[in-house]
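Derivation of every value follows stated rules applied to the coordinates shown; laboratory data play no part. Worth saying up front: this structure is predicted, and the values here are computed from it rather than measured. Quick reminder, even Gly has a Cβ in these numbers, built from the backbone with ideal geometry, and neighbours come from all protein chains shown.
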Amino acid sequence: MKIIVDAMGGDRFPDEIVKGVADASLAGTSRFALVGDTELLKKSLEGLKHDPSAIEIVGAECAVTMEDDPMSILGSKRNSSMSVGLKMLKTDGDAFVSAGNTGALFTGASTIIRNVPGVKRAAIATLIPFERPILLLDSGANVNVLPEYFIDWAHLGSLYSEFVLGAGNPAVGLLNNGAESHKGGAMLAGTYALLEKEEGINFVGNVESYDLPGAPCDVLLTDGFTGNVTLKLIEGLSVYFFRTMKHLMTETVFTKVFSAPLSGKIKSMKRVFDPTEYGGAPILGLRKPVIKAHGHSDARAITAAIRQAEAFVMADVTGMVIKWAAKGETASES
């Protein structure tokens, strides 16, 4: 298996990206292509424990920054590490991992790798980090949506949730401001009606944001704007919660002494809410696996994203999506 990694993306490039790949290479399960500034990547690899036979370095002229326009990957940054990596994936690779600019990655992947025929819009699927994770899609790519997009995403999310995350008969919910079928205006009401009739998914109805910590579903559907806002609110609240808790626990000698036995439990709980713990977000609906790692990813998170990419490939989710989409195309033609 060959995993291509954009070594120049994210906030901690290239050292943390390279270290994550170096660590992953020791498992002996995959080969890797590190794409970026050749000299920088060679320097980053120096002194790191890794399998030299499993890592190749592929040069790229520049990098897509977090501030770049998403369309730059098709224009001024068409020779960037992200673009070069995606072009490699199209012809010589099994999966691609990048912690870089989300908009550019989605634009490049949709244009270079392209959607599976029959999939109307690919979607970014992100795990909401509760004790029982919820796969949220879309989480940032598609702001303007149509009801039929949600049908595709329900199937894409269900396949990924079942065969990569291990959820049996994944429950699919629609994020809304009430449980009733008519809630959320004409678009969401129309979506509810379509999902209710759709075969092959386990639709459990509308889900309110209030209920999310209780994990009422395995797959949660919404538009990219609402999904992104939801994710960032959850991330922000978790940071605030643990910062406040740390302050309370260390405020006095008394609180330090009596909170010490809980420190291990709190660290475990903090890992549950850490978005980098899961590695990244797959872009579902493409012809080959693409994983968007968190922009703040350290080496551990990059290694986790690589493991996620490997699981994606090994489960052949893309193959299942192709078969599902082909059935839909045949049905529409008849």
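Brief remarks on what is shown
- Extension gain from E198 to I322, taking 0.36 nm per residue of separation minus the Cα-Cα distance: 42.8 nm
- Of the DSSP H helices in the chain, those whose Cα atoms cover at least 18 Å axially and whose Kyte score averages 0.0 or more: 185-197, 224-249, 299-315, 317-333
- Label-point separation, N177 to H296 (7 Å along Cα→Cβ), nm: 3.0
- A P(r) calculated from all alpha carbon pairs of the stretch 124-275, with 10 Å bins opening at zero, reads 11, 37, 27, 14, 8, 2, 0 percent.
- Remark: relative contact order (the chain) = 22 percent; criterion is Cα-Cα distance under 8 angstrom and separation of 6 or more residues.
- Cα-projected label distance for S76 with F241, points at 7 Å along beta-carbon direction, nm: 4.1
- What the phi angles of the stretch 131-144 give under the Karplus curve with 6.51, -1.76 and 1.60, with θ = phi - 60°, is a coupling list of 4, 10, x, 10, 7, 9, 8, 8, 10, x, 8, 10, 7, 9 Hz, glycine and proline written as x.
- Kirkwood-based shape ratio for the stretch 117-198, expressed as Rg/Rh from alpha carbons: 0.95
- Calculated FRET value between K232 and E46, using beta carbons and R₀ = 25 Å, to 0.05: 0.10
- Listed peptides 306-315, 141-150 appear in the order 306-315, 141-150 once ranked by packing, highest mean of other Cβ atoms within 10 Å at the front.
- Cα centre as origin, Lys/Arg/Asp/Glu Cβ charges: the stretch 124-275 dipole, Debye: 1040
- The stretch 24-65: GluC sites (Glu not before Pro) in DSSP loop, at most 13 other beta carbons within 10 Å: E46, E61
- Lys/Arg +1, Asp/Glu -1 at C-beta; the stretch 124-275 dipole; positive extreme among N169, P147, Y240: Y240
- Taking the charge dipole of the stretch 124-275 about its Cα centre, with +1 at Lys and Arg Cβ atoms and -1 at Asp and Glu Cβ atoms, the residue from M249, Y210, G157 reaching farthest to the positive side is M249.
- Extension gain from R132 to E67, taking 0.36 nm per residue of separation minus the Cα-Cα distance: 20.0 nm
- Percentage of interatomic Cα-Cα distances in the chain larger than 25 Å: 53
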